[in-house]
Amino acid sequence: MGGFNHIFVKLGFALCSLFLISCSHTIEFPTSRFAVPFVAPDSLKGNVNANISDPASITVATNLDGNPPTHGPVSVNTDNVDDLSDLISADAFSVGIELTILGPVEIFYDSKMAGLRWQVLGHGGGPGTWVASIQGGATSFEETTNQSDYSASSKVKSTQKGLSIGRQGEKVLAYVSYLEEDHSVETNISNSNGAFGPYEDSGKHKIYSIGMSTYSSHFLIGLEYSYANIEWETDVSDVHESLGLRLGFAW
């Protein structure tokens, strides 16, 4: 009888967890950004690529059908890459492009983030060259959660700045990078009890990465490990680790 009660209690906890998850509003932020210190040497050179990684999940509201819904404190999903199923999660897939526009400056777009990268050291150098770049970007998008009896919508604005340094080998570039991203979120929730919000949240992600990437024409492959310090508001802080894979074509 005791064993049956134990199983019943565990099942109850599992069902409660599932209910809470299904009634939450979560926004995913990539932490594998592939901020390489390399810009293609000639104008209109670049690459197109596809990235897969494990993003940080930031939950800004729960109990979405409540009166009122529960806003905050923000919670951070710190699940890391444990197996291949985490790495190939459809939620972590994005398509990007990098294109040199003038000298050592390129435009880039990836995971909704658009910006400029400027190679300040070693542009146009060959194997054995030390390279470095600085970059900045911004994005604005909307994230929604919809069910038959409630809905939540967040307007997300983010800015990014950072630097990267590395060394070119014969065909592979090894690098380390640091990025700071500032995020602001404004959330509105509607359910059978009425409209609630806007609720405001803000956070900073400090991302430290180490990676390797090919840098010549034709096939492109990159692998990156990232460690992010995540701080939201005044009392929410955590870390998130991710492993990113990038495949593409360079010209």
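The values are calculated or read from the model by the stated rules, or taken from the named source; none is laboratory data. Nothing here was measured: the structure is a model prediction, and the numbers come from that model. FYI the Cβ positions are ideal-geometry reconstructions off the backbone, even for glycines, and counts take in every protein chain you see. For the accessible areas, the whole protein counts, side chains as well, though only heavy atoms, and no ligand, DNA or RNA atoms are used. Shrake-Rupley method; radii C 1.70, N 1.55, O 1.52, S 1.80 Å.
With the largest listed first and rounded to whole Å, the semi-axes of the equivalent ellipsoid of the chain from the Cα gyration tensor are 40, 21, 15.
For Lys112, the aspartates and glutamates whose Cα falls under 15 Å of its own Cα, not counting residues fewer than eight places away in the same chain, are Glu28, Asp91, Glu98, Glu142, Glu143, Glu181, Asp182.
Computed extension gain for Asp65 through Ser217, at 0.36 nm per residue and net of the alpha carbon distance, reaches 49.5 nm.
Each of Gly124, Val105, Tyr178 was placed along the dipole of the chain (beta-carbon charges, centred on the mean Cα), and the one lying farthest toward the positive end is Gly124. In this simple spin-label model, placing a label point 7 Å from the Cα along the Cα-to-Cβ direction at both Asn193 and Phe141 gives a separation of 3.1 nm. Taking the 1.4 Å solvent-accessible surface of the chain as the whole, the part contributed by carbon and sulfur is 62%. Remark: the Glu200-Leu44 segment gains 52.1 nm on full extension, using 0.36 nm per residue and subtracting the alpha carbon distance. Its Cα centre serving as origin, the chain has a Cβ charge dipole (Lys and Arg +1, Asp and Glu -1) of approximately 720 debye. When you restrict to C-alpha pairs under 8 Å that are six or more residues apart and normalise by the size of the chain, the relative contact order lands at 20 percent.
Axis of helix 2-22 versus longest Cα principal axis of the chain: the two differ by about 60°, to the nearest ten degrees.
Rounded to the nearest 500, what is the 222 nm mean residue ellipticity of the chain from helices alone, with -39500 (n - 2.57) per DSSP H run of 4+ residues and division by all residues? All intermediate terms of the calculation are to be shown ahead of the outcome.
Values: 2 runs with 25 residues, N = 251.
Computed ellipticity for the chain at 222 nm equals -3000 deg cm²/dmol.
Dimensions of region 84-213 along the principal axes, based on C-alpha atoms and rounded to the nearest Å, stand at 64, 32, 24, largest first.
Among the listed pairs Lys155/Lys206; Lys45/Lys204; Lys171/Lys204, a Cα-Cα separation exceeding 27 Å is found for Lys45/Lys204; Lys171/Lys204. Residue by residue, region 189-195 carries 3J(HN,Hα) couplings of 10, 10, 8, 5, 8, x, 10 Hz when phi is fed to the Karplus relation 6.51 cos²θ - 1.76 cosθ + 1.60 (θ = phi - 60°); x denotes Gly or Pro.
Roughly how many Å² is the accessible area per residue of the chain, as a whole number, for a 1.4 Å probe? Working shown, then result.
Working: 12770 Å² over 251 residues.
Per residue, the chain has an accessible area of 51 Å².
Work out the charge dipole of the chain with +1 on the Cβ of Lys and Arg and -1 on the Cβ of Asp and Glu about the Cα centre, then indicate which of Ala250, Phe196, Ala50 is farthest towards its positive end. Comparing the listed Cα positions along the dipole, Ala250 ranks first. When all alpha carbon pairs of region 163-247 are counted in 5 Å bins from zero, the resulting P(r) reads 3, 12, 16, 15, 13, 11, 9, 8, 6, 4, 2, 1, 0 %.
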